[in-house]
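Please read the structure below before turning to the comments.
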Amino acid sequence: MNTVQDQSPITPLAIWALILGIASLVFCCLPLAIPAIICGHLARSRIEQTPAAASGRGMAMAGLIMGYVSVVALILACILGIITAMTIPAIIKMWSDTPRNECRGNSGQCQVAITNQQGGGL
């Protein structure tokens, strides 16, 4: 069963979209993801306009998907990095304040015990 799309050559843009999409996932690189998305969209529109002259719809879609996944992953990693950078100082401060609070509580108890021993308490 030979269709028109089986006989037509693969669009170079679809191949580039696939290559750039794979590279953007492997290297987690936004400068590779954006061209993968652009090439994928251009390849898909070229294939839709001239189905007899170009094929590679699957490659173009794979490049698009990998490009978009890379962009979303990088955005989530940036958000997680910002949240972590904002949270770590607060956690460190909380941990460093804990011994001081324990000392304050203990010194208060010590003061009450000293007062009671001296007869000034209950």
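Between TRP95 and VAL69, 0.36 nm times their residue separation minus their Cα-Cα distance comes to what?
5.6 nm
What FRET efficiency comes out for the pair THR87/PHE27, r = Cβ-Cβ distance, R0 = 25 Å, nearest 0.05? Here the calculated transfer efficiency is 0.35.
Taken along the Cα-to-beta-carbon direction at a fixed 7 Å, the label points for SER8 and ALA77 span 3.6 nm.
Rule-based calculations on the coordinates, nothing more; no lab input. What you see is a predicted model, and the numbers here were worked out from it, not measured in a lab. Cβ coordinates were reconstructed from backbone atoms using ideal geometry, including for glycine residues, and neighbour counts include every protein chain displayed.
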